[in-house]
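Structure provided below as structure tokens; questions to follow.
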Amino acid sequence: MIRTHGLVKRYGTHAALDGVDLEVPAGSVYGLAGPNGAGKTTLLGILAGLRKATEGEVTVAAETGEVAVLPDTPRFDPWLTGREVVALALTLGSGTHSVTTREDAERVDEVLEQSGLTDAARRRCGGYSRGMLQRLGIASTLVARPSLILLDEPASALDPQGRREVLDLINTLRGHATVLFSSHILGDVQEVCDTVGILHHGRLLFQGPLSDLLVGRAVPRYELRVR
Ligand code: ATP
């Protein structure tokens, strides 16, 4: 679904990405793990088209439809209800001003249900917990049925229950979209990903099936927290 070749991103003289060859199989849940400053946000930003690489190539499969991206700290108007946030995401995607069709309204409700937010959907999101806000962010990325979803550290700053709920939600996306999510916690990636990439100082130290990483066929001595 995504392939990069020799991707380099320099900020001044500092190489935040230093020759990354990423390969994200279509339909996979790919976990990009690496400590703070490894270059995860930079890489996701380039894949999303929000930042420009200094060198290298990015190829996204031609059949890829919509690409959705969620930043590490999603921000919403606190006065909007959860349902309004998701409906707005759908209408922004379609270029209309409101959810008008019954089909659209049903899609919004379906995604809220999938994200465990049905009961909270009519409350203002300003009162949501951090975990609920992350799930609301994921619901907003899902609603237009993107084929590629990029999530930047969706579970990292959450308490154990919030983290569990976000990881469970990501698990439900398997088979519906290709998902690439980043984390500085290896445990997050271990729990839900089929394929793992370990990014360190802008380099991919390992990339492949999780099973290869766990049996120690992989290289790395990386500085990740394992829960
Ligand atoms: P974190 O989890 O802390 O966000 P990360 O793995 O997402 O880390 P990046 O945010 O991509 O890493 O940053 C990679 C490196 O590039 C860091 O050293 C960071 O300081 C630097 N960097 C990122 N954005 C910029 C920028 N706009 N200007 C200069 N340096 C930057």
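Every number in this text was worked out from the coordinates using simple rules, so none of it is lab data. On a predicted model such as this, the values are computed, not experimentally measured, just so you know. For neighbour counting, all protein chains shown are included, and Cβ atoms are generated from backbone atoms with ideal geometry for every residue, glycine included.
Could you please report the charge total around Arg122, scoring K, R as +1 and D, E as -1 over all other residues with beta-carbon less than 10 angstrom from its beta-carbon?
+1
Could you compute how fast region 51-202 diffuses translationally, taking Rh as the Kirkwood radius over C-alpha pairs and applying Stokes-Einstein at 4 °C with viscosity 1.567 mPa s? Give it in µm² per second.
Rounded to a whole number, D works out at 80 µm²/s.
Near the amide H of Ser28, under 5 Å away, which other amide H atoms are found, from residues 5 or more places off or on another chain, if H is placed in the peptide plane?
Amide H neighbours of Ser28, under 5 Å, 5+ apart: Val179.
Would you pull out the residues with amide H under 5 Å of Leu158's amide H, same chain only if 5 or more places away, H placed 1.01 Å from N?
Close amide H contacts, sequence-distant or interchain: none at all.
Quick one: if the Förster radius is 41 Å, what FRET efficiency do His201 and Asp77 give, using the C-beta to C-beta distance and rounding to 0.05?
Efficiency for this residue pair is about 0.65.
Residues with beta-carbon under 14 Å from that of Asp109, excluding Asp109: net charge, scoring Lys, Arg +1 and Asp, Glu -1?
Taking every Cβ under 14 Å from that of Asp109, the sum is -3.
Okay, next question. In whole angstrom, note down how far apart the Cα centers of region 67-93 and region 148-164 are.
Going from one Cα centre to the other spans 16 Å.
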